[in-house]
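Notes follow the structure.
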Amino acid sequence: MPEPLAKAGGWLRNETRDQFVRYAQKCFERFNDRVKTWITMDDPREVALDGYAEASNQYTAAHQLILAHAKVYRTHMNNFLGKKIGQVGIGVRQDWPEPGNSLSPRDVRASERELAFSAGWFLHPILNNGDYPDIMKERIAANSRGRASRLPAFTDSEKQMIKGSADFVGLNYFKSTLVTDAKPSSDSALQNFDNDKGTMTTNNALSSSDDLARSALGLRKLVSWVYSNYNISVYITSNGISHDNSNGKYIHHDWHRIDYMRQHTNQLLKAVEFDGCDVRGYTAWTLADCEADASQGSGLYHVTHSRSGLLNITQKASALWYRQLIQNQGFPRGYSGDSGLAVAAAMEDQFLYAVAPPGFQYGIATSAYQVEGGWDADGKGEHIWDRFSHDGHVLNNDTGDVAADSYHNLEEDLQLLHDLKVDHYRFSIMWNRVMPDGTNSTINKPGVDYYHRLIDGLLARVLEIVVMLLLFKLSVSDYSHQNKSVVKDWITINEPWVISVLGYGTGLYAPGYKDIHEGIYNCSHNLILAHAYAYRLYEQKYKAKQKGQVGIVLNCDWFEPDDPADDSHVEAARRGKEFNIGWFAHPIFVDGDYPEVMKTNLHNISVERNTSKPMLPEFTDQEKKIVKRAADFFGLNHYTTHMVKPVKANHFHGYFSHSDTNLYKDPSWPSSGSDWLFLNPTGFRKLLNWLWREYKMPIVVTENGITDRNSTMDDHYRVYTFQSYINEMLKAITLDGVEMGGYTSWCLLDTFEWAWGMLEKFGVYHIDFTHPNRTRTPKASARYLYELHRDRGFIEGAYTDPAAELAYQDSVYAGRFPRDFSFGVASATLAADRYRQVCPVEEDSLHFDDSLDAFTKDLAAMDTIMPGHYYFTLAWRRLLPSGQDGPVNEKAVKFYLRALELLEDAGVTPVVSLHHWDLPCTFKDGWRDASIVDEFVAFARLCFQRFGDKVKVWSTLHAPEQMTGYIPRHSGSDPDMFTVFRNMLIAHGQVYKLYNDEFKPKQKGILGISLHPALSEAANRFDPNHGASELRSNELSFGLFADPVALSGEFSQQAQLEARRSGHNLVPFSDQEKHLLKGSFDFLGVSYYNTAKVGTDAEAIDQRSLDTSLYPDASQANPKGLRSLLRFINHRYGSIPIYVLGNGVWDTSGTLHDNFRSAFVTDHVDEVLKAVNVDGIDVRGYTYTSLRDDYVWQYGDNRKVGLVDSVTGKPRNSLSTYAEIISDHGILKKD
């Protein structure tokens, strides 16, 4: 406002309003032909509140501002709109008022009042009815204490003029606030604006990510509020944040502002896309800092004045980010520029659980010279690396004469590939093994036969073949013909950059030429042409028939600007990429010629050096046509990232100075066994985005890995490399839309690593280079790749899940179980039946008084430890010794009823199994005969009828896997094995249905099944073959009963395969039977005693209990296996209730001083505690087997398993240990 008008009263006078209209008219007259969007005034609320002290004057000023705006709008509409189309609006500042307590009606109403007294103060008259909001008029009038309202009133004609006087609304938005209700003061001196609106606001400090998120969401809410209330177009006319430089941070790296802008613009986009709001534009505040506000600048550019008075303008990172946002008109997927900054790349700092898309292939690679050996075998010609290494140019005078000796170990290497479960194998054909003198005038049959055997072996294992030819185009012709179309993926040349720069420039690689100026460009020129002619040859002669594809493999690192806010650094990063991969990719994938920056730089350097011949050869027009698009896929070898700075280099130093870049590695990145290889997985994702955007060609990663020099088998750094780089690749595919065909790990074996000989190693299999047979040993990375290939990516809870690394894996976890967790003890049958496991059983053999006396002793022992439950089995042969057609043994019923009453009196919950390998002798064929199903259902009905009011936890079967007498992972020789399992499953399903339908509604119990799956683990945890055996064994063991009940309603695929392989009778389940079985449990009971180690043959001895002499050194006991078992169940079947119903250890001495058993119980309970409290698995109880020494089936009385000596009745030391655990309800730290 001009000063004279302000001195005369400013917006309190009509004259100011009229002068403003005249000023606007002049602007329209002079500029309306070029200006199409006008804002009459920006933030009139602030003008009124901050420009005038008294509330009445504030309301008067706002009144005049609204009238002035309306008159200007009408002036434009009446006098200018017809001449030049344009629009006029008003800009208001509005923070989003979030209720302090969203559940408080008072705070919600306070939030609404805050809007009415701010944006609504101006927008309601202009866009609604020409008058102020009702709540505003009511509160100001009430607070005027009986006098005339301090809020001026519009006349009817003014209302008509004001109403609809805007084509759009400009919103100035910066943050959200928390608003609470504030009672108005009765003090007449407080008749002010704040007292009128009756709210209290608390600013959002924007100091945390949560603050930013709330603020950004507030913008979306505000836009939706304006649009829903006034149905008008919206422009965001100011949005930004200041930068606090008081802590000394570099002001140009304003990452906080980028985060602010990213979140706010993204929420604005959501308002458009999801909420249907009409948003026409976004304006960042502000373009540049002012010098007076240097430390709190809101600008995208930093502005200072030098001592000489010159203006210095420096771009901030936010300017570069905002430029990308504008160029992309929003949020593109992934990374869209050379800066390494993303507008909004998803999950930059998070792990992505995802699998590769259909058709994507995982593979592994080698190269011929590095692994084959046989340097002079069977007529092979001399290789350039034979000569180079024999002349002593390799570290330690190493050679590839033998290398990994794959030439003589072909079958073993084929097995390794099969073990890794790869989809494809990338290998190279050694030119001089096929053509000893390098020409097609001599074909070496043994060499050709070797590659035939390799290819045939791959095809037999259903592996795709990717063949790398290296250099010679005639090899394509010959070998395409020789292999009769079985090879579909051909690579002409691998890493032409390496060949050119290291082979013909520095001389570090064979053939050792040293011409770092023109020589490398001549070499690369020939390589590009050789590739193109080879591609066209295949295209013209073989592609139509063989249906294959030909590509080239280029090595490329990512080039990250040292300062992404500095355009010169970003341009340097671009030059780095063009002089690296663009050198080859631009001719082949773009236009048949070199990148412009290469041509320009090298032309200028030629002038500098005063050379008569150009450094960079030129393609003829015909050659450009041949080269352009001469590839079907983009092969990429990637290992590392460079940080890049621009530099004016001394070009006489050769190629490495030609791009005018200074490259270095960030020392904070993980290193490797090579001085050039530092890990930066994010750089991989950025590179994939850049390549896809630049060349629009499907990418196949043909090499990626890491070196070491220590030959360790536990190569966790290599596991990390594969995990992190493949995860970033999956982000590029899944989140960024990069089209990729495959990923190839480097390398299958430790190899001859070129100039570094045998020092640096990439392999996932270790090679003993000192052994004549070159022994192959799997590293941890081999097992990891097998699991990743099998899963096709990363699945939560799987082997490759980084979160699957167990907390407290090697340490004690101290803590308590949840309150409802139950500890218990078990017995195969009640005490009266302990020694009577043979047929026949006479009805009068059950001596009631003696049996109760024995059981009373059990109760006395239980009284010592106070268990929550007692697990036992009802003896089918006692209750129904002749089956359902015979009489019920009432003495047995009476005994069990009395035992249940005693348990009830003792406060111990009975957990009852209906079957534990116990059959009436009437059933001669046992579970082989399908008629036993009805018999078992009848027995279950009897038990539910007689005991169901006292038993609330039932198990149909205990350890049914062992009913046939065979270990589950073995097939055995009984052809009816699966018939037994099938009948037991059907019986279980029918009993579950019976209980649910007829007894559960009244008895309120639960019914499950108690299984004894044989848990297996790889004998060598690094060996993929052992890992596959572990998987097969567990899928077979769990697939017999757990899968049908808890997963699919039928045997697992592995179980079905085993049945067919072993010639078992396997009758498929009908759909009705599957429906009966699937989900037929309320809980899953499990028994665990030990873990079986499995090797390549998947065979292992299943130890059901442990010898005391072996336990202390942990050679047999494996408490960790119990946690693994519980995690396996949770992962495979989801969060289901689990009870551990069997766990114990035996000895033959029966010593009372059984410290080994105390340790066994403590360690296993602690593993269950970890599963519950750390892993979140729903385990409801733990049961030690058993309370007293039991008759252990075929072992009779020889094995002592109890916490109590059954002969003397004396407690063993382990009883007090278990009692303490139960009393503590967990494992507590001891002082």
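Of the residues making up the range 97-111, those that are more than 40 Å from the chain's Cα centre (by Cα) and either of a type in the set (Lys, Arg) or over 10 Å from THR199 (Cα atoms) (or both) are PRO105, ARG106, ARG109.
Checking each residue in the range 136-167 for being open to solvent by less than 60 Å² (accessible area, probe 1.4 Å), among the hydrophobic types (A, V, I, L, M, F, W, C) and in a helix (DSSP H, G or I) picks out MET136, ILE140, ALA141, MET161, ILE162. Restricting attention to the range 623-647, the residues that are open to solvent by 40 Å² or more (accessible area, probe 1.4 Å) and touching a His at 6+ places or on another chain (Cβ under 8 Å) total 2. Scanning the range 300-317 for residues being open to solvent by 20 Å² or more (accessible area, probe 1.4 Å) and either assigned to a loop (DSSP other than H, G, I, E, B) or in contact with a helix residue (DSSP H, G or I) (Cβ under 8 Å, 6 or more places away or on another chain) (or both) gives a total of 10.
Tallying residues that are surrounded by fewer than 20 Cβ atoms within 10 Å (Cβ to Cβ), touching a residue at least 24 places away in the same chain (Cβ under 8 Å), among the aliphatic types (A, V, I, L, M) and out of contact with any strand residue (DSSP E or B) (no Cβ under 8 Å at 6 or more places or on another chain) within the range 518-550 yields 2. Answer yes or no: is there a residue in the range 677-694 that is outside any helix (DSSP H, G or I), touching a helix residue (DSSP H, G or I) at 6+ places or on another chain (Cβ under 8 Å) and charged (D, E, K, R). So far as the range 677-694 goes, no, none of its residues is outside any helix (DSSP H, G or I), touching a helix residue (DSSP H, G or I) at 6+ places or on another chain (Cβ under 8 Å) and charged (D, E, K, R). Could you count how many residues in the range 1030-1054 are open to solvent by less than 10 Å² (accessible area, probe 1.4 Å), small (Gly, Ala, Ser) and in contact (Cβ under 8 Å) with a residue 40 or more places away in the chain? Result for the range 1030-1054: 3. Whenever a residue of the range 733-760 is farther than 22 Å from GLY373 by Cβ and of a type in the set (Gly, Ala, Ser), its partners that are part of a strand (DSSP E or B) and open to solvent by 10 Å² or more (accessible area, probe 1.4 Å), lying with C-beta atoms within less than 8 angstrom and at least six residues away or across chains, give the pairs GLY741/GLN361; GLY741/VAL700; GLY742/GLN361; GLY742/VAL700. Filtering the range 106-127 down to residues that are touching a strand residue (DSSP E or B) at 6+ places or on another chain (Cβ under 9 Å) and without any contact (Cβ under 8 Å) to a residue 24 or more places away in the chain, which residue is farthest from SER224 (Cα to Cα)? In this case the residue turns out to be VAL108. For the range 355-383, a residue qualifies if it is within 23 Å of SER781 (Cβ to Cβ) and surrounded by fewer than 19 Cβ atoms within 10 Å (Cβ to Cβ), and the qualifying residues are VAL355, PHE360.
Quick check on the range 609-622. Is at least one of its residues in contact with a Gly (Cβ under 9 Å, 6 or more places away or on another chain) and either under 24 Å from ARG536 (Cβ atoms) or open to solvent by 60 Å² or more (accessible area, probe 1.4 Å) (or both)? If you could, list the steps in order and put the result at the bottom.
Here is the first cut: in the range 609-622, the residues in contact with a Gly (Cβ under 9 Å, 6 or more places away or on another chain) are 619, 621.
Filter again for either under 24 Å from ARG536 (Cβ atoms) or open to solvent by 60 Å² or more (accessible area, probe 1.4 Å) (or both), leaving 619, 621.
So far as the range 609-622 goes, yes, one or more of its residues are in contact with a Gly (Cβ under 9 Å, 6 or more places away or on another chain) and either under 24 Å from ARG536 (Cβ atoms) or open to solvent by 60 Å² or more (accessible area, probe 1.4 Å) (or both).
Residues that are open to solvent by 10 Å² or more (accessible area, probe 1.4 Å) and out of contact with any Phe, Trp or Tyr (no Cβ under 8 Å at 6 or more places or on another chain) were ranked within the range 878-888; the one that is modelled with the lowest pLDDT is ASP885.
Considering the range 250-284 alone, what residues qualify as being in a helix (DSSP H, G or I), hydrophobic (A, V, I, L, M, F, W, C) and either surrounded by 19 or more Cβ atoms within 10 Å (Cβ to Cβ) or without any contact (Cβ under 8 Å) to a residue 60 or more places away in the chain (or both)?
Step one: filter the range 250-284 for residues in a helix (DSSP H, G or I), giving 255-273.
When the remaining residues are screened for being hydrophobic (A, V, I, L, M, F, W, C), the result is 255, 258, 261, 268-269, 271-272.
If the condition is that a residue be in a helix (DSSP H, G or I), hydrophobic (A, V, I, L, M, F, W, C) and either surrounded by 19 or more Cβ atoms within 10 Å (Cβ to Cβ) or without any contact (Cβ under 8 Å) to a residue 60 or more places away in the chain (or both), then ILE258, MET261, LEU268, ALA271, VAL272 are the ones that fit.
Cβ separations smaller than 6 Å between residues 6+ apart or across chains give the following pairs from the range 128-156 residues that are under 24 Å from VAL169 (Cα atoms) to residues that are of a type in the set (A, V, I, L, M): GLY130/ILE162; PRO133/ALA116; ILE135/ALA116; MET136/ALA116; LEU151/ILE140. Given the conditions (1) open to solvent by 50 Å² or more (accessible area, probe 1.4 Å); (2) at pLDDT below 95; (3) touching a strand residue (DSSP E or B) at 6+ places or on another chain (Cβ under 8 Å), report the number of the one that ARG45 does not fulfil. Of everything listed in (1) open to solvent by 50 Å² or more (accessible area, probe 1.4 Å); (2) at pLDDT below 95; (3) touching a strand residue (DSSP E or B) at 6+ places or on another chain (Cβ under 8 Å), ARG45 misses just condition (2).
Being open to solvent by less than 20 Å² (accessible area, probe 1.4 Å), under 21 Å from LEU1015 (Cβ atoms) and touching a residue at least 60 places away in the same chain (Cβ under 8 Å) narrows it down to one of TYR1218, TYR1184, so name that one. Even if it seems obvious, please write down each step before you answer.
Numbers: TYR1218 fails: under 21 Å from LEU1015 (Cβ atoms).
Only one candidate qualifies: TYR1184.
If I filter the range 656-665 for residues that are over 26 Å from ALA532 (Cα atoms) and in a loop (DSSP other than H, G, I, E, B), do I get at least one hit? Scanning the range 656-665 turns up at least one residue that is over 26 Å from ALA532 (Cα atoms) and in a loop (DSSP other than H, G, I, E, B).
Can you find even one residue in the range 912-925 that is among the basic types (Lys, Arg) and surrounded by fewer than 17 Cβ atoms within 10 Å (Cβ to Cβ)? Within the range 912-925, one or more residues are among the basic types (Lys, Arg) and surrounded by fewer than 17 Cβ atoms within 10 Å (Cβ to Cβ). Taken over the range 695-721, residues that are buried (at least 21 other Cβ atoms within 10 Å of the Cβ) and either part of a helix (DSSP H, G or I) or touching a Gly at 6+ places or on another chain (Cβ under 6 Å) (or both) amount to 6.
Residues in the range 814-851 that are modelled with pLDDT of 80 or more, surrounded by fewer than 16 Cβ atoms within 10 Å (Cβ to Cβ) and touching a Lys or Arg at 6+ places or on another chain (Cβ under 7 Å): ALA814 only. Applying the set (1) farther than 20 Å from TYR871 by Cα; (2) at pLDDT 95 or above; (3) open to solvent by 20 Å² or more (accessible area, probe 1.4 Å) to GLU1167 leaves exactly one unmet item: (3). For ARG1061, only one of the following conditions fails: (1) free of Cβ contacts under 8 Å to residues at least 40 places away in the same chain; (2) more than 20 Å from ASP791 (Cβ to Cβ); (3) not β-branched (Val, Ile, Thr). What is its number? Answer for ARG1061: the failing condition is (1). Of the residues making up the range 351-398, those that are touching a residue at least 24 places away in the same chain (Cβ under 8 Å), within 30 Å of ALA803 (Cβ to Cβ) and not aliphatic (A, V, I, L, M) number 8.
Residues that are assigned to a helix (DSSP H, G or I) and open to solvent by 80 Å² or more (accessible area, probe 1.4 Å) within the range 1-42 comprise GLU3, PRO4, LYS7, ASN14, ARG22, TYR23, LYS26, GLU29, ARG30, PHE31, listed in sequence order.
The values are calculated or read from the model by the stated rules, or taken from the named source; none is laboratory data. In this text the structure is predicted, and so the values were computed from the model without any measurement. Neighbour counts are summed over all protein chains in view; Cβ atoms, including those assigned to glycine, are modelled from backbone coordinates with ideal geometry. These accessible areas exclude ligands, DNA and RNA; they are computed on the full protein's heavy atoms, side chains included. Shrake-Rupley method; radii C 1.70, N 1.55, O 1.52, S 1.80 Å.
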